[in-house]
Amino acid sequence: MYQMNAIRLRILSRLQNLQMKNVNWMKNKQYVLMFHSICERPNWYDRDYCMTPRTFENMIIELERRRCQFLPIEMLQHREDSKEVYLTFDDGFLDFYENAYPILKKHHIPFTIFLTLDYINKRNYLTWEQILELSENSLCTIGCHTYTHKQLSECSITELRKEIIIVKEKMEEKLKKEVNFFAYPYGTLPKVHLCAPLFVWGAGYRKAFSTLATPVNSSSRYFIPRINMNERNWKLQIVHCI
């Protein structure tokens, strides 16, 4: 069993690398950008997933200077020769509400928050009161980021149902509105269960997002690429891609 799993992981990793190499990286493409924590340096939990508020606003200003069009995730569909940017935030950190949200409102930028249900109301994460406030803002789209943030490749079929389907039902019950978008935790091919996209489709999500670092492409609406942004890489990503 261990040998079979190792072979499967090698095959999936190779397929993923081939897909990323074959993507057209020309400018004027669509990009979904992924953020986690927006906070001051002393509060960083991982430099690969954190950015200061000042840097975050500078990035917004630079994207505006480059005449990028910020759109809500509901409008995402693959189009050639379009300079569109979609902002997404994973996990539901409290510092999103404290630091990123004021900047997004100031610049009138639409955004999506992918929430992990088990994290809500815990220390350093959003409360339900804050989430309900955000959901009333027309700039905000709320999506699911599983129930417990478990790596889906390690889940049983029963666990997949909880992480993808039941979480949607509970989120919708609390928000009193549909939740149409999903993001896979650790969303590379080897770390997502092969059946997960089927569960996503069956649950009625309109789109699902991975962590493949490429422009948006036409391959699948249930494994849409996103580029991770942090304090160190944002300038290079923008120069390279946008």
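Quick notes
- Contour excess over end-to-end distance, with Cα ends at Lys235 and Arg47 and 0.36 nm allotted per residue: 66.2 nm
- Positive contributions from Lys and Arg (+1) and negative ones from Asp and Glu (-1), summed over other residues with Cβ under 12 Å from the Cβ of Leu175, come out at -1.
- Local electrostatic count, Ile166, Cβ distance below 14 Å [Lys/Arg +1, Asp/Glu -1]: 0
- From phi via Karplus (6.51, -1.76, 1.60), per-residue ³J(HN,Hα) for region 163-177 in Hz, x at Gly/Pro: 6, 10, 8, 5, 4, 4, 4, 5, 5, 5, 4, 6, 7, 6, 7
- Distance between modelled label sites at Arg54 and Thr188, nm, 7 Å Cα→Cβ extension: 3.3 nm
- For region 30-127, the set of trypsin sites (Lys or Arg not before Pro) satisfying both a DSSP loop assignment and a count of at most 13 other C-beta atoms within 10 Å is given as Arg66, Arg67, Arg79, Lys122, Arg123.
- Extended-chain gain in nm, criterion 0.36 nm per residue less alpha-carbon gap, Lys177 and Glu62: 38.0 nm
- Over region 69-211, accessible surface divided per residue gives 44 Å², non-protein components excluded, 1.4 Å probe.
- Per-residue [θ]222 nm for the chain (sum of -39500 (n - 2.57) over DSSP H runs n ≥ 4, rounded to 500): -9000 deg cm²/dmol
- Seen from Cys155, the other residues with C-beta closer than 14 Å to its C-beta sum to a net charge of +1, counting Lys and Arg as +1 and Asp and Glu as -1.
- Basic side chains Lys and Arg get +1 at the Cβ, acidic Asp and Glu get -1 at the Cβ, and with that the dipole of the chain about its Cα centre reaches some 780 debye.
- Mean-square fluctuations from a GNM of the chain, with a 10 angstrom spring cutoff on Cα atoms, peak among Pro225, Pro215, Pro102 at Pro102.
- Amide N proximity, region 142-158 versus Met75 label position 7 Å along Cα-to-Cβ, cut-off under 18 Å: 142
- Estimated FRET transfer efficiency when R0 is 22 angstrom, pair Arg123-Ile166 (beta carbons, to 0.05): 0.35
The values are calculated or read from the model by the stated rules, or taken from the named source; none is laboratory data. Remember, predicted model here, so these are calculated numbers, not experimental data. Backbone-built Cβ (ideal geometry, glycine too); neighbour counts: all protein chains shown. Note: areas computed on protein heavy atoms with side chains; ligands, DNA, RNA excluded. Shrake-Rupley method; radii C 1.70, N 1.55, O 1.52, S 1.80 Å.
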